[in-house]
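Chemist: So that we are looking at the same thing, I have put the structure below in structure tokens.
The values are calculated or read from the model by the stated rules, or taken from the named source; none is laboratory data. This structure is a prediction, so every number in the text was calculated from the model and none was measured. Ideal geometry is used to build each Cβ from the backbone, glycine not excepted, and the neighbour counts take in all protein chains shown. Ligands, DNA and RNA are stripped out before the accessible areas are found, and what is left, the full protein with its side chains, is counted by its heavy atoms. Shrake-Rupley method; radii C 1.70, N 1.55, O 1.52, S 1.80 Å.
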Amino acid sequence: MKRRVAVTGAGVVSPVGIGLDAFWEGLIAGRSGIDTISRYDPSGLPVRIAGEVRGFAPERFLGSPAVYVSPNGCRTALDLRTQYALAAAEMCVRDAGLAGSPDWIDATLYFCAGEGDNDIALLSRILTPYACAEPGCDVAGLLTDGRADGFALRDQLMEPTAPASLIASRHGIGGEVTTCLTACAASAQAIGEAMRRIQEGDCDLALTGGAHAMTAPLDVLGFAMLSALSSRNDAPSRASRPFDRNRDGFVLGEGAGALVLEEWDRARRRGAHIYGELVGYGSANDAYRVTDMHPEARGATRAIVLALQDAGLDPRDVGYVNAHGTSTLENDRAETVAMRRAPGDAAPGIPVSSTKSMTGHAIAAAGAIELIASLLALRDQVLPPTINFDTPDPECDLDYVPNRARNHTFDVALSNSFGFGGQNVALAVRRAEGCWR
């Protein structure tokens, strides 16, 4: 038999709030975290808006500035993605009452991270000094400078493995340490795989989640050139409008979400606060195109069905879905198709909302942030809204909890995460109170 998995700690860094209370208050208030980019001058870009994390002070969580010092004394600043990851992990470990616990030596860490800062300023610092009058650049000069310790260290800390390694070092996690980068489904996959490790008896304790910060100039420019982003530069707070007929693309966001998972009886024995029980994980691929969901939502539908089957749930048991809901024409339509096909006749009665309408799309971190929103919705029996839902789309005809939070009695939530490359993940979580029976 599969062992039960409790969620006993959570931490979040997001554009609508840092920490669980601020994050949840922002969502319930329907407050947008999307604004004109402030971290650099975006005036030359076709899209000039994003969901930035504002007011973030890493020393508040880490006790010191966000700097890595190598054994030979070389110092380099940690990129935002890694800072967010370390902060979210610190919050969730404290929240679980496990800071400094010796039990981490046998624990699992399955934490996704996107690429490090894709910063045009960094590229300029590297390449501009070597520009030549002739075409090309001074490769020899570049390689000479590249031999400096700081250059190599910075490069290594940009790897997707770096946040997981630093989290493991900080908390003494000595078991399996794994990362993944499956686009927008990555942190949901990390959570599902960590759940599996506990269910199958590989460990009793796990830290999981994800972090990403794709709001740098090259990130914004790249997605804008794909025609994937909203161009509502003059109305940033109204730009992300999932399922609305007038949606015109998603908005890049950033942040991190982290969770502590424990074997159920262990959590009960130590008197841990339990946010909910992870009960289902489904993963499937569209096997279609790199940038588009299958028009019939083949992979998304299968992922939801697999999550329900894994949890032993009837579709009528589901009381809420936190949608992937990006605000693109294709995604929202395809997700609606999946949410009609997978639950079947139960679909019209299931409320569905997209918190990306407020946070923007945190890419690899989105699944973890949105599962935390689902757990808090279960805890408080309140559904966060889909803001900016003004004009219904005939092709998106479900209950999207428009514009205002809603009181709602329910025991099971689904969280959907769909990514480039056809990755599709669905997670099912059950209300903690319902599990005590």
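Chemist: Measuring from the lowest to the highest alpha carbon on each principal axis, how far does segment 256-331 reach, largest first, in angstroms?
Modeler: Per principal axis, max minus min of the Cα coordinates gives 47, 31, 22 Å.
Chemist: Follow-up. Rg and Dmax of segment 192-260 over Cα atoms: what are they, in angstrom?
Modeler: 17.7, 52
Chemist: Let me check against my output: what whole-number percent is the relative contact order of the chain, with C-alpha pairs under 8 Å and at least 6 apart?
Modeler: Values: 1148 pairs, mean separation 101.9, N = 437.
Contact order relative to length: 23 percent.
Chemist: Can I ask one more? How much length would be gained if the chain were fully extended between TYR40 and ASP399, taking 0.36 nm per residue of separation minus their Cα-Cα distance, in nm to one decimal?
Modeler: On the way: separation 359, 0.36 × 359 = 129.24 nm, distance 3.83 nm.
Using 0.36 nm per residue and subtracting the Cα-Cα distance, I get 125.4 nm.
Chemist: Semi-axes of segment 147-215's equivalent ellipsoid from the Cα gyration tensor, sqrt of 5 times each eigenvalue, largest first, rounded to whole Å? All intermediate terms of the calculation are to be shown ahead of the outcome.
Modeler: Working: eigenvalues 135, 51, 14 Å².
Over the Cα atoms of segment 147-215, the semi-axes work out to 26, 16, 8 Å.
Chemist: Taking every DSSP beta bridge that has both residues in the chain, what percent is antiparallel when rounded to the nearest 5?
Modeler: Working: 49 of 66 bridges.
If I count the DSSP bridges inside the chain, around 75 percent turn out antiparallel.
Chemist: Only Lys, Arg, Asp and Glu count, each charged at its Cβ (+1, +1, -1, -1), so figure out the dipole size of the chain about its Cα centre, rounded to 20 debye. Don't skip to the answer; put the middle values down first.
Modeler: On the way: 40 positive and 53 negative charges, 160 e Å.
The calculation lands at about 780 debye.
Chemist: Go ahead and set up a Gaussian network model of the chain, Cα springs under 10 Å, then flag whichever of GLY249, GLY73, GLY97 fluctuates most.
Modeler: GLY73
Chemist: If you don't mind, another one. What nm value, rounded to one decimal, do you get for the distance between ARG94 and HIS273 when each label is placed 7 Å out toward the C-beta?
Modeler: 1.3
Chemist: Per the Kirkwood definition applied to all pairs of different Cα atoms, how many angstroms is the hydrodynamic radius of the chain?
Modeler: Working: mean 1/r = 0.0460 Å⁻¹.
That comes to 21.7 Å for the chain.
Chemist: Further, regarding this structure: Can you give the FRET efficiency for PHE151 and TYR288, using 1/(1 + (r/R0)^6), R0 = 56 Å, r = Cβ-Cβ distance, to the nearest 0.05? Numbers along the way, then the final one.
Modeler: Values: r = 40 Å, r/R0 = 0.71.
Rounded to the nearest 0.05, the efficiency is 0.90.
Chemist: Heavy atoms only, 1.4 Å probe, whole protein assembly: order THR336, THR36 by accessible area, highest first.
Modeler: Numbers: THR336 5, THR36 60 Å².
Result, largest first: THR36, THR336.
Chemist: Moving to a separate point now. Working with all protein chains in place, sort HIS294, HIS408, HIS273 by solvent-accessible area computed with a 1.4 Å probe, largest first.
Modeler: On the way: HIS294 20, HIS408 50, HIS273 100 Å².
Accessible-area ranking of HIS294, HIS408, HIS273, largest first: HIS273, HIS408, HIS294.
Chemist: Further question on the same structure: Roughly how many nanometres apart are two label points built 7 Å out from the Cα toward the Cβ at GLU59 and ASP248?
Modeler: 4.3
Chemist: Just to confirm, what accessible area per residue do you get for the chain at 1.4 Å probe, in whole Å²? All intermediate terms of the calculation are to be shown ahead of the outcome.
Modeler: Working: 16890 Å² over 437 residues.
Solvent-accessible surface per residue comes out at 39 Å².
Chemist: Let me ask something else. In whole angstrom, and with the biggest value first, how far do the Cα coordinates of segment 192-333 range along each principal axis?
Modeler: 54, 32, 27
Chemist: Cα atoms only, segment 359-404: Rg and Dmax in Å?
Modeler: Over segment 359-404's Cα set, Rg and Dmax evaluate to 12.4, 33 Å.
Chemist: Of the options LEU376, ASN407, ASN388, report the single residue whose Cα projects farthest towards the positive end of the charge dipole of segment 368-429 (beta-carbon charges: Lys, Arg +1; Asp, Glu -1).
Modeler: It is LEU376, whose Cα lies furthest towards the positive end.
Chemist: While we're on this one: For segment 1-61, what is the convex hull volume of its Cα atoms per residue in Å³? Could you put the intermediate results ahead of the total?
Modeler: On the way: hull volume 9.7 nm³, N = 61.
Dividing the Cα hull volume of segment 1-61 by its residue count gives 159 Å³.
Chemist: Whenever you get a sec, compute what percent of the accessible area on segment 326-437 sits on carbon and sulfur atoms (1.4 Å probe). Please report the intermediate quantities before stating the final value.
Modeler: Details: 1640 of 3480 Å².
Carbon and sulfur atoms account for 47 percent of the accessible area of segment 326-437.
Chemist: Normalised radius of gyration for segment 306-433, please: alpha carbon Rg relative to 2.2 N^0.38 Å, two decimal places. Each step should come with its number before you reach the end.
Modeler: Details: Rg = 13.3 Å, N = 128, 2.2 N^0.38 = 13.9 Å.
So segment 306-433 has a normalised radius of gyration of 0.96.
Chemist: Scan around VAL5 for amide H atoms under 5 Å from its own, H built in the peptide plane at 1.01 Å from N, and keep only partners 5 or more places away or cross-chain.
Modeler: The list, which skips near neighbours in sequence, is TRP264, LEU278.
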